[in-house]
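Just so it is clear, none of the values below were taken in a lab; they were calculated from the coordinates. All figures in this text were calculated on a predicted structure; none of them were measured in a lab. Note: ideal-geometry Cβ built from the backbone for every residue, glycine included; neighbour counts use all protein chains shown.
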Amino acid sequence: MTAQGFDPELFLQMGRDVLAQQPFSLLLGAELTHLKPGEVELQLVLKDELRQQHGFAHGGVVSYLADNALTYAGGTAMRVPVVTSEYKINYLKPATGERLVARAKAIGIGKTQAVCRCEVYAVLGHEETLCALAQGTITKMGEAPPG
């Protein structure tokens, strides 16, 4: 534990445990590589099955990565269970390379929602190319209705 009572390794493991409960994330092969409150990095090896007919990462794959990163950023900032209530993504360049990296941060944090931003990079070797920008609103999950 650190002086603030925050253990970065334990927090990262908690985030990885959550990712392991997401069948779609497991199917794609997503990996959580950095996590602290309000800040996340998710990575994904860009396999041929995740590319579209021109050889780029499919837009849905890029969008998935941004959406999940936004949700991690918002959820860890608010420290409550959350869902994405909306997000917008701009595709800037074709996502080509060996892997994709999404880095998201919570920008505005309230009691019931957080507004977050995400940058998605395509990586080839050590070179990163910004291929998408996303912004979203992450909302605290309501109480489950009885029965």
Enumerate the whole-percent occupancy of each 5 Å bin, from 0 to the last occupied one, for all C-alpha pair distances of the stretch 44-147. 2, 15, 23, 19, 14, 12, 8, 4, 2, 1, 0
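Looking at the stretch 1-52, which trypsin sites (Lys or Arg not before Pro) are in a loop (DSSP not H, G, I, E or B) and have at most 13 other Cβ atoms within 10 Å? Present the calculation step by step, with values, prior to reporting the outcome.
Numbers: sites: 16, 47, 51; in loops: 47.
Taking the stretch 1-52 and a limit of 13 other Cβ atoms within 10 Å, the loop trypsin sites (Lys or Arg not before Pro) found are 47.
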Neighbour-count order for 119, 31, fewest beta carbons within 10 angstrom listed first: 31, 119
For residue 88, what charge total do you get from the other residues with a beta carbon under 15 Å from its beta carbon, if Lys and Arg give +1 and Asp and Glu give -1? -2
Between the stretch 77-100 and the stretch 1-64, what is the C-alpha centre distance in whole Å? 10
Order these by the 10 Å Cβ neighbour count, fewest first: 82, 62, 45, 18. 45, 18, 82, 62
The stretch 80-147: trypsin sites (Lys or Arg not before Pro) in DSSP loop, at most 16 other beta carbons within 10 Å: 111
Less than 12 Å Cβ to Cβ from residue 134, Lys/Arg counted +1 and Asp/Glu -1: what total charge do the surrounding residues give? +1
For the stretch 43-98, just say rounded, prolate or oblate: build the C-alpha gyration tensor, square-root its eigenvalues into a ≥ b ≥ c, call rounded for a/c under 1.5, and beyond that prolate if a/b exceeds b/c, oblate if not. prolate
Go ahead and run the numbers for FRET between residue 21 and residue 133, Cβ-Cβ distance against an R0 of 22 Å, rounding to 0.05. 0.20
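What does the charge count near residue 34 come to, summing +1 for each Lys or Arg and -1 for each Asp or Glu among other residues with Cβ under 14 Å from its Cβ? Walk me through the numbers on the way to the answer.
On the way: positive: 16, 36, 103, 105; negative: 9, 31, 39, 41, 119.
With Lys, Arg at +1 and Asp, Glu at -1, the net is -1.
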Relative contact order (percent, whole number), the chain, Cα cutoff 8 Å, 6+ residue spacing: 22
C-alpha long axis of helix 59-78 to longest principal axis of the chain, angle in °: 20
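About the Cα centre of the chain, how large is the charge dipole given +1 on each Lys and Arg Cβ and -1 on each Asp and Glu Cβ? Please answer in debye to the nearest 20. Walk me through the numbers before you get to the answer.
On the way: 13 positive and 15 negative charges, 78 e Å.
The dipole of the chain has a size of about 380 debye.
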In nm, the gap between the two label points placed 7 Å beyond Cα toward Cβ at residue 85 and residue 141 is 1.7
What residues have an amide H closer than 5 Å to that of residue 92, excluding those fewer than 5 places away on the same chain, when H is modeled at 1.01 Å from N in the peptide plane? 132, 133
